[in-house]
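The values are calculated or read from the model by the stated rules, or taken from the named source; none is laboratory data. Quick caveat: nothing in here was measured; it's all calculated off a predicted structure. Heads up, the Cβs are rebuilt from the backbone with ideal geometry, glycines too, and the neighbour counts pull from every protein chain shown.
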Amino acid sequence: MRWAGKPCTTIDDMSGGQRTNHIRLADGSPPQSIPSARHRRPTAAHLATSEPALDPRFDSSADGYASFSDADTPAEVDAVFRLQRRIAVAHFVTFMFVTLGVSVAIVTLDWAATSRVFGGFSPGFVLAAIGLYFFFVIVAVAAASLANSIEDRMMGAGSLPSEPPRS
Amino acid sequence: MTSRFTILLVAVLVALAVSVLARLRSTRTAVDFQLAGRRVGVITNACAICGDYVSAASFLGVAAAVYAVGLDGAWYATGFAAGFLPVLLFIAAPLRRFGDRSIPDFLGRRFESETVRIIAVVVTQIIILAYLVPQAVGGGLTWELFTDIALPGLTPYSTGIVASTVLTGFLVVIGGMRGTTWNQALQFIVLLGILVWISLALVADGFSYGSAVAELNAQPMLNPDGLEPNSTLTATDNRITGLPARFAEPGARYNGIGQFALMVTLVFGTAGLPHVMNRFFTSPTGRAARMTTVWVIALIGVFYAAAVMVGTAARSVLQTRDEAWLESMTVQGVLKTPEHALLALGRVYGGEVGLSTVTTGALLAIMSTIGGLLLASSVSWGHDLYERYVNPQANRVEALRAGQLAVVVMTVLAAISAMVLNPARFTGSVPSVVASLVTTAFAVAGCTLTPALLLAIWSRRITAAGVAVGMVVGAIAGLLAVTVGLLGDGVSTLFQTPTVILGPGVVTLMMAVSLATRPVPDLATKWMAMHGSAGDRNAERLARVTVESGAEWRPASTSWWVRRS
């Protein structure tokens, strides 16, 4: 069976509470209604009615709910929290040191305001007007990449494979 | 005159069309109205955050501040851009993962405290109003330059305030977060395009950035001593050396400590701005929120670097121009109102059409920020107060109506406040009245919500009592300081940028009170929600499954669309 249309991008969209989502099927069958609150996840019975073999990664648990059965363990989260905090603080210290350092240097060092580096710019002006923006982007990319990488490597070890088995 | 209004009319009609389109795709629920269904993509959200953040203070104010005080003005732009680094490093992903609708909601749930929630609502409204009023002032100033048309009984300045606030309020009411997001993203692209166009026009005209800085720096900086026709130019004193200030040297506006204080205030204030932080709740996942912030830092950097260059160019170019229309706006080639710098450059390089384009851009900047602020206010009143306390049994229509009513009330309040405020009284005492007033919002945010968010996310020991006391003390002290700083003559600039002192003080107070009280039980569950990534993985997996299957999830109220297709 082929499903049609554009994708939903988030399961958390269902956290709003009271409304119902529809899954539209391209085979002409009526749209399927699914309660969409976080605590009203699609039931196993409901999904079984609409699509018996929806996806092997859905876990039809004994409590009558069906969901992706991916979860973190407290130990994983605690380890990641500590590492993320250390990394965030390290990047922040670097960021503040450079940003405020430039500010202090411009105020205290004559050459930063009066000498000329290129095209008439003083070192202080070129840093404040252009250079620091590049620095911010570099720090941001580095920090975000590292944070994402840590989460990928340290969490979800016991979770389901990210790619479904191809038939 | 016709071309002026044609461009403005087109922009307004496009914004209106976007809002109507968003309304058609909306589910008419409070979550959709407030958070666009939490389905805003990374690039769209980044552009929308930039549109939200780039207000009159940035589009007109940064160029104006650079124009008026040179290097010290450039630090405004640097501080505005730098503010997103702490957001990226400490707040964006955990805030989104906890999955609430607003900052008061987040703090209230994190500490399981209604007191914290209510205090956060009050603080949020104070910050929103402090940010909203300068936007309306910017709308009035821009309209005043744009046209002398005035509504009966109002000045052109007041008419601009009414036009910008009422129109935006209307767009927000009909478009909700989805319409506002699309409008903000579009408006930011337009604003960036205008700066790029002026930059290219300057280069084509032979403008050399470095040479202009060197030339401006070669002579003392002179500024008009008032707005009157007979005002004269006076030398600006360097507050560090006591000598006449120069364009590319520090001290025209701030002394050494003041420079440092401004940066700290702007850096820590951004993380506490409710209208900006609320946008992270619209991201699908915590990781998407994080990557959105990276894009914001890149886009906003390009924008501010261009704004600083344009401010410099205005100072260099306008004093060499001999055009009749400039005479009434300038004193010996120097603009009486620095906020007119960008507008004047638009007219120099694009004539009437150029002026209309920049003016329209300025009004769009104002509208996009006002839109974000009104929505943040709406969420705070509608969700945090009405749905929880006034009418806990509210159905979705009632909740939606409450949010829309909040938008209307805040619109009126902002318009009246901006009309009462007379920007002329600040001329000469502050480099750019719009940018300076916005700094007030940053100062209060940096002393209240930023410490609360940082500690809520990263400290297990912090308690509801600590956060509540800290926010109350921070709000009172912050407001007092900035009021004295703005209205008092000859007081230290530290009063206008008090976060450098009050921020650490509030953090210390929060921690001290927390040590004497007990943290909430069941912290492990909250920690898993904030710092775990299972929710992200599940969401990504669901999205992948849906993409592979070609399925579409559609809200119930748009089932007509499903049937038709």
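Summary of computed values
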read-out: 1 or more residues modelled with pLDDT of 80 or more, under 30 Å from residue B:280 (Cβ atoms) and within 25 Å of the chain's Cα centre (by Cα): qualifying helices (runs of 4 or more DSSP H) within the range B:479-565; value: B:499-515
read-out: Residue check for residue B:13: at pLDDT 85 or above, surrounded by fewer than 24 Cβ atoms within 10 Å (Cβ to Cβ) and of a type outside the set (Gly, Ala, Ser); value: yes
read-out: Conditions (1) at pLDDT 85 or above; (2) buried (at least 19 other Cβ atoms within 10 Å of the Cβ); (3) within 14 Å of chain A (Cβ to nearest Cβ): number failed by residue B:176; value: (1)
read-out: One residue from A:139, A:104 being assigned to a helix (DSSP H, G or I), without any contact (Cβ under 8 Å) to a residue 24 or more places away in the chain, facing chain B (nearest Cβ under 9 Å) and touching a Phe, Trp or Tyr at 6+ places or on another chain (Cβ under 8 Å); value: A:104
read-out: Any chance residue B:316 is under 30 Å from residue B:116 (Cβ atoms) and assigned to a helix (DSSP H, G or I); value: no
read-out: Residue within the range A:67-81 that is touching a His at 6+ places or on another chain (Cβ under 9 Å), surrounded by 21 or more Cβ atoms within 10 Å (Cβ to Cβ), assigned to a helix (DSSP H, G or I) and at the interface with chain B (Cβ under 7 Å from one of its Cβ atoms) present; value: yes
read-out: The range B:215-236 - residue that is crowded, with 18+ Cβ neighbours inside 10 Å and either of a type in the set (Gly, Ala, Ser) or under 22 Å from residue A:121 (Cα atoms) (or both) and, of those, nearest to the other protein chains (Cβ to nearest Cβ); value: B:217
read-out: Some residue of the range B:296-318 being without any contact (Cβ under 8 Å) to a residue 40 or more places away in the chain and more than 15 Å from residue B:49 (Cα to Cα); value: yes
read-out: Residue B:94 vs. criteria out of contact with any Ser or Thr (no Cβ under 8 Å at 6 or more places or on another chain), assigned to a helix (DSSP H, G or I), touching a residue at least 12 places away in the same chain (Cβ under 8 Å) and not aliphatic (A, V, I, L, M); value: yes
read-out: Check on residue B:137, assigned to a helix (DSSP H, G or I), within 14 Å of chain A (Cβ to nearest Cβ) and either surrounded by 24 or more Cβ atoms within 10 Å (Cβ to Cβ) or at pLDDT below 85 (or both); value: no
read-out: Test: residue B:192 is hydrophobic (A, V, I, L, M, F, W, C) and closer than 27 Å to residue B:331 by Cα; value: no
read-out: Candidate set: the range B:237-269, residues that are more than 12 Å from chain A (Cβ to nearest Cβ) and within 25 Å of the chain's Cα centre (by Cα); chosen: the one modelled with the highest pLDDT; value: B:269
read-out: So residue B:171, is it surrounded by fewer than 22 Cβ atoms within 10 Å (Cβ to Cβ), more than 14 Å from chain A (Cβ to nearest Cβ) and either more than 22 Å from residue B:144 (Cα to Cα) or small (Gly, Ala, Ser) (or both); value: no
read-out: Search result, residues across the range B:524-537 that are crowded, with 23+ Cβ neighbours inside 10 Å and facing chain A (nearest Cβ under 7 Å); value: B:531, B:532, B:533, B:535, B:537
read-out: Search result, residues across the range A:142-157 that are assigned to a helix (DSSP H, G or I), surrounded by fewer than 21 Cβ atoms within 10 Å (Cβ to Cβ) and modelled with pLDDT under 90; value: A:152, A:153, A:154
read-out: Number of the condition not met by residue B:304 [criteria: (1) at pLDDT 90 or above; (2) within 30 Å of residue B:539 (Cα to Cα); (3) buried (at least 24 other Cβ atoms within 10 Å of the Cβ)]; value: (2)
read-out: Count of the range B:296-328 residues which are more than 8 Å from every other protein chain (Cβ to nearest Cβ), of a type in the set (Phe, Trp, Tyr) and within 17 Å of the chain's Cα centre (by Cα); value: 1
